[in-house]
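A.B. asks: Take a look at the following structure, please.
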Amino acid sequence: MLNLGIIGTNWITKQFIEASDETNSFKLTHIYSRTEEKAKDFAASVNTSDAKISTDLEEFFSSDDFDVVYIASPNSLHYSQSKLAMEHGKHVIVEKPSTANIREFTILEETAKSNNVYFLEAARHIHEPIFKSAEKYVNENRSELTGGTFSYMKYSSKYDDFLAKKIPNVFTTKFSGGALYDLGVYAVYDAVVLLGRPDKINYDAEILEGGIDGSGVLTLSYPDFDANLIVGKTKNSHIPSEVYFGKKTLLLMDNGGDITNVTLVNGNSEDLISNEKSSNPMDAEAVEFARIIEEKDQAAFEKLLGYARTVNKLLEQARITAGIIFESDKEY
C-alpha cells in the first residue's frame with residue numbers, strides 16, 4: 001500500500017480516500033490545508049487520527065511520510081502544485097483538468113520525466129468496468145462507427161451563488177473554471193477514448209458575466225463523421241450519451257460522466273451490455289493508479305498520459321474558439 005498525501009479537503013477528496021480504503025490502494029498519512037481546522041475536520045470525516053497536518057506547502061512536500069500526492073484544489077492551482085510535488089520526488093494524481101493550457105501540461109510532462117515520477121490525471125470514469133465495456137464494444141465494431149453524442153449538463157450547486165454575485169471559484173476565469181473545464185472534461189474524455197482524436201474542435205458557448213462559460217455545445221470533426229458534446233452547469237439535462245453505428249446505437253446512461261447502464265439498441269431490440277457499477281466510482285481508478293506506480297507499468301502510464309495530453313489540448317483549443325481567456329493565459 002502506498003502512503004498518500006492530499007491537497008484539497010472537499011467531497012471529491014473524501015471519495016478518493018474512501019475508495020483507497022475500500023481497495024487497500026493508498027493510506028492517508030499527510031493532509032495539506034490552508035487552515036489546520038479544515039484539515040482536522042477532514043481527518044475526522046474519513047476516520048483518520050494519525051495523519052500529519054501541514055499548512056505550508058514547502059513543509060508538506062519536503063515530508064518523507066508519503067510517496068504520492070492527490071491534488072483536488074481549484075483548477076488554476078493544479079499546475080503549480082503538481083510541478084512542486086514532482087520536483088520533490090512525489091508521484092502526482094491530479095484532478096482533471098490538470099492544467100489550464102497545453103504549455104503547462106508540457107512542462108509537467110517534462111518535470112515528471114526528469115524526476116522519474118508518475119503524473120496521472122484523475123479521469124476516474126474511464127477506469128470503471130462499465131466504461132470499459134462500452135470501450136470494448138466500440139473497438140470491436142469500429143468499422144461501423146458513424147459518430148456520437150456525449151452529454152453532461154447539471155445545474156451547479158454554486159450557480160445560485162454566482163447569480164447572487166458571490167462568484168464561486170468554479171465560475172471564474174481566475175480559477176480556470178466554467179462548464180467546459182468542470183463537467184465538459186468528462187465528455188471530452190469520452191470522445192477521445194471512444195472515438196479518438198478529432199481533426200477539429202469548436203465550442204459554441206453560453207458566456208456568463210465575467211467571461212466564463214455556463215453551458216455550450218462542442219462539435220468534434222473526424223474524417224468520416226462528427227461528434228457533439230453537450231455540457232453545462234446552469235441547467236439540467238437528462239439526455240443519455242450515445243455512440244452511433246448506422247442503424248445501431250450504443251446508449252450510455254445516465255450521462256457522460258456517471259455511466260450506470262450501457263445498452264445496444266437495434267431497431268426494436270435492446271441488449272444490455274453492462275450495468276456493472278461500484279458504489280464508489282473512484283474504486284477502479286484508485287486500484288489502477290496504485291498498480292501503475294507499484295508495478296512501474298510504463299506502457300499503461302504512457303497510454304493514460306496520451307489521453308490526458310489530447311484532452312488538455314482540445315480543452316484549450318475549444319475555449320479559444322469560444323473566446324474564453326483564463327488569467328493563467330496572460331502569464332505566457
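A.B. asks: If you bin every alpha carbon distance in segment 187-332 into 10 Å steps from zero, what whole percent lands in each bin?
C.D. replies: Pair shares across the bins are 9, 30, 35, 22, 3, 0.
A.B. asks: According to the square roots a ≥ b ≥ c of the eigenvalues of the Cα gyration tensor, what is the shape class of segment 79-209, taking rounded for a/c under 1.5, prolate for a/b larger than b/c otherwise, and oblate for the remainder?
C.D. replies: oblate
A.B. asks: Could I ask something else about it? Who wins for biggest fluctuation among PHE289, PHE245, PHE150 in a Gaussian network model of the chain, springs between alpha carbons below 10 Å?
C.D. replies: Answer for the Gaussian network model of the chain: PHE245.
A.B. asks: Relative to the longest principal axis of the C-alpha atoms of the chain, give the angle of the C-alpha long axis of helix 283-295, reported between 0 and 90° and rounded to the nearest 10°.
C.D. replies: Rounded to the nearest ten degrees, it is 60.
A.B. asks: Along the charge dipole of segment 158-226, which of LEU163, TYR186, ALA205 sits closest to the positive end, that is, farthest toward it, with unit charges on the beta carbon of Lys, Arg, Asp and Glu (+1, +1, -1, -1)?
C.D. replies: LEU163
A.B. asks: Of the listed pairs LYS233/LYS296; LYS38/LYS313; LYS14/LYS303; LYS233/LYS330; LYS52/LYS235, which have alpha-carbon separations greater than 29 Å here?
C.D. replies: The pairs that break the limit, which is 29 Å between Cα atoms, are LYS233/LYS296; LYS38/LYS313; LYS52/LYS235.
A.B. asks: Then there is this: When the chain is modelled as a GNM with alpha-carbon springs shorter than 10 Å, which of GLY232, GLY147, GLY246 fluctuates the most?
C.D. replies: GLY246
A.B. asks: To continue, here is another question. Taking square-rooted eigenvalues a ≥ b ≥ c of the alpha carbon gyration tensor, is segment 18-71 rounded, prolate or oblate, where a/c under 1.5 means rounded and, failing that, a/b exceeding b/c means prolate?
C.D. replies: oblate
A.B. asks: Can you tell me, using C-alpha contacts under 8 Å and at least 6 residues apart, the relative contact order of the chain as a whole percent?
C.D. replies: Dividing the mean separation by the residue count of the chain yields 19 percent.
A.B. asks: Next question, about the same structure. What residue among ASP254, ASP161, ASP182 has the largest mean-square fluctuation in a Gaussian network model of the chain, using Cα springs under 10 Å?
C.D. replies: Top of the fluctuation ranking is ASP161.
A.B. asks: For the chain, find the longest principal axis of its Cα atoms and tell me its angle to the long axis of helix 11-23, 0 to 90°, nearest 10.
C.D. replies: That helix lies at roughly 90 degrees to the long axis.
A.B. asks: Oh, and also: Run through the DSSP bridge list for the chain and note the antiparallel percent, rounded to the nearest 5.
C.D. replies: Around 55 percent antiparallel, to the nearest 5.
A.B. asks: Mind listing P(r) for segment 43-89? All alpha-carbon pairs, 10 Å bins, whole percents.
C.D. replies: Values per bin, smallest distances first: 22, 54, 24, 0.
Bear in mind that the values in this text are calculations on the coordinates, not laboratory data. Since this is a predicted model, take the numbers as computed values, not measurements. Backbone-built Cβ (ideal geometry, glycine too); neighbour counts: all protein chains shown.
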